[in-house]
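The values are calculated or read from the model by the stated rules, or taken from the named source; none is laboratory data. Fair warning: this is a prediction, and the values are worked out from it, not measured in the lab. Because the Cβ atoms are built from the backbone with ideal geometry, glycine has one as well, and the counts that use them run over all protein chains shown. Each accessible area value is taken on the protein alone, full model and side chains, heavy atoms only, with ligands, DNA and RNA left out. Shrake-Rupley method; radii C 1.70, N 1.55, O 1.52, S 1.80 Å.
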Amino acid sequence: MVIKKIVFILICCHLIACNDTEVDCSAVLCAGTPALAFQVLADNENVFLNNTYTIEDVSITGENSTEVTLSLGNSTEPESILILQNPSWVAGNYEYNLVFGNNDPITLLIDIVNSESDCCGNIPRLRQLTIDGDIQDNEVPVNRIILD
């Protein structure tokens, strides 16, 4: 009889312990706001590698453009990828004009949504990027801008 009570108590304890529905997020590392990466080409050559442009030749205008940072990052070649970031992005649509030297502006439409997750919810995420009217594939880590 005592063994039956011990087995019953152990089974009840096991069932109670397994009923935990909370998600443990202590080991989860959440990403920050999106950074957009662009390979900028003219005549099939990277404009930063062939010294057509430097980062000082690039400007951006549009909503909250003063909060946007432009920098050059590394890919397979040193400092050849244009990085666009805004740590203040919240869910919404943003329109920017990216200008390289005296070229016509490149229009960027950026659609930001908040992520939905138990551990990393409510973090701004890129839903859609449009470059001069062409919707980009979000699975591509580096987008291309072709200058005329």
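So which residues in the range 121-148 are in contact (Cβ under 8 Å) with a residue 40 or more places away in the chain and hydrophobic (A, V, I, L, M, F, W, C), if there are any at all?
123, 126, 129, 142, 145, 146, 147
So that you can scan it fast, the table gives a plain yes or no per residue for (1) among the aliphatic types (A, V, I, L, M); (2) at pLDDT 95 or above; (3) surrounded by 15 or more Cβ atoms within 10 Å (Cβ to Cβ):
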| position | (1), (2), (3) |
| --- | --- |
| 82 | yes, yes, yes |
| 121 | no, no, no |
| 124 | no, no, yes |
| 139 | no, no, no |
| 148 | no, no, no |
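If I ask for residues that are over 17 Å from residue 112 (Cβ atoms), outside any loop (DSSP other than H, G, I, E, B) and open to solvent by 50 Å² or more (accessible area, probe 1.4 Å), which ones from the range 54-68 would you list?
Once the filter is applied, which keeps residues that are over 17 Å from residue 112 (Cβ atoms), outside any loop (DSSP other than H, G, I, E, B) and open to solvent by 50 Å² or more (accessible area, probe 1.4 Å), the range 54-68 yields 56, 57, 59, 61, 66.
Out of the residues in the range 85-119 that are in a loop (DSSP other than H, G, I, E, B) and charged (D, E, K, R), state the one that is most open to solvent (accessible area, probe 1.4 Å).
Taking the candidates together, the pick is 116.
Consider residue 118 carefully, then state whether it is farther than 23 Å from residue 31 by Cβ, touching a residue at least 24 places away in the same chain (Cβ under 8 Å) and of a type in the set (Asp, Glu).
No, not satisfied.
When you check residue 47 against the structure, is it among the β-branched types (Val, Ile, Thr) and in contact with an Asp or Glu (Cβ under 9 Å, 6 or more places away or on another chain), yes or no?
So residue 47 passes the test.
Tell me the residue from 51, 74, 44 that is more than 20 Å from residue 147 (Cα to Cα) and surrounded by fewer than 14 Cβ atoms within 10 Å (Cβ to Cβ), please.
74
State whether the residues of the range 24-31 include one that is at pLDDT 90 or above, open to solvent by less than 100 Å² (accessible area, probe 1.4 Å) and either assigned to a loop (DSSP other than H, G, I, E, B) or under 18 Å from residue 100 (Cβ atoms) (or both).
No: the range 24-31 contains no residue that is at pLDDT 90 or above, open to solvent by less than 100 Å² (accessible area, probe 1.4 Å) and either assigned to a loop (DSSP other than H, G, I, E, B) or under 18 Å from residue 100 (Cβ atoms) (or both).
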